[in-house]
1. Which pairs have Cβ atoms under 8 Å, sit 6 or more apart or on different chains, and link a residue in region 12-41 that is free of Cβ contacts under 8 Å to residues at least 12 places away in the same chain to one that is open to solvent by less than 100 Å² (accessible area, probe 1.4 Å)?
2. Just to be sure I understand, how many residues within region 53-79 are of a type in the set (S, T, N, Q) and open to solvent by 50 Å² or more (accessible area, probe 1.4 Å)?
3. Could you check region 16-33 and list, in sequence order, the residues that are among the hydrophobic types (A, V, I, L, M, F, W, C) and either loosely packed, with under 10 Cβ neighbours inside 10 Å or touching a Cys at 6+ places or on another chain (Cβ under 6 Å) (or both)?
4. Under 6 Å between Cβ atoms, which residue pairs at least 6 apart in sequence (or on different chains) link something in region 53-70 that is at pLDDT below 90 with a partner that is not hydrophobic (A, V, I, L, M, F, W, C)?
Amino acid sequence: MRKMVDVVKQFGNLLKQTFIKWKGRGPFRESAIIAYYAIFSLPGLLVLILTVAGFFFGYEAASNHLKEQISLAMGPETA
C-alpha cells in the first residue's frame, strides 16, 4: 500500500513539473501555429480517410456519408 502512495505522489509531481515547463514555453502563442498547420493538413487527411473507408465500405458509401456529415455540420452548400 505504501508503494502505491509513493507512485501516486511521484506521478502528481511529474504532472506538476510538466505543467510548469509547458506553461513556461508559451503554449498559447504556439497554439496559433498548430491551428494554422492543422487547417492545411485537413484535405490530405480527408483523402486518406476516404480512401481507407472506401476500401472497407465502398467508395460511394464512404463518400455519401462524408458528404452527409459535412452537410450537417456546415450546410449543404459547403458539402
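1. From residues that are free of Cβ contacts under 8 Å to residues at least 12 places away in the same chain, there are no pairs.
2. Within region 53-79, the first condition is being of a type in the set (S, T, N, Q), and the residues that meet it are 63-64, 69, 71, 78.
Checking the rest, the ones that are also open to solvent by 50 Å² or more (accessible area, probe 1.4 Å) come to 64, 69, 78.
Residues in region 53-79 being of a type in the set (S, T, N, Q) and open to solvent by 50 Å² or more (accessible area, probe 1.4 Å): 3 in total.
3. Keep residues of region 16-33 that are among the hydrophobic types (A, V, I, L, M, F, W, C), which gives 19-20, 22, 28, 32-33.
Once the filter is applied, which keeps residues that are among the hydrophobic types (A, V, I, L, M, F, W, C) and either loosely packed, with under 10 Cβ neighbours inside 10 Å or touching a Cys at 6+ places or on another chain (Cβ under 6 Å) (or both), region 16-33 yields Ile20, Phe28, Ala32, Ile33.
4. Listed by first residue and then by second, the contacts come to Ala62/Gly54.
The values are calculated or read from the model by the stated rules, or taken from the named source; none is laboratory data. These numbers come from a predicted model, not from an experiment. Cβ atoms come from the backbone with ideal geometry, glycine included; neighbour counts cover every protein chain shown. Only protein heavy atoms, including side chains, enter the accessible area calculation; ligands, DNA and RNA are left aside. Shrake-Rupley method; radii C 1.70, N 1.55, O 1.52, S 1.80 Å.
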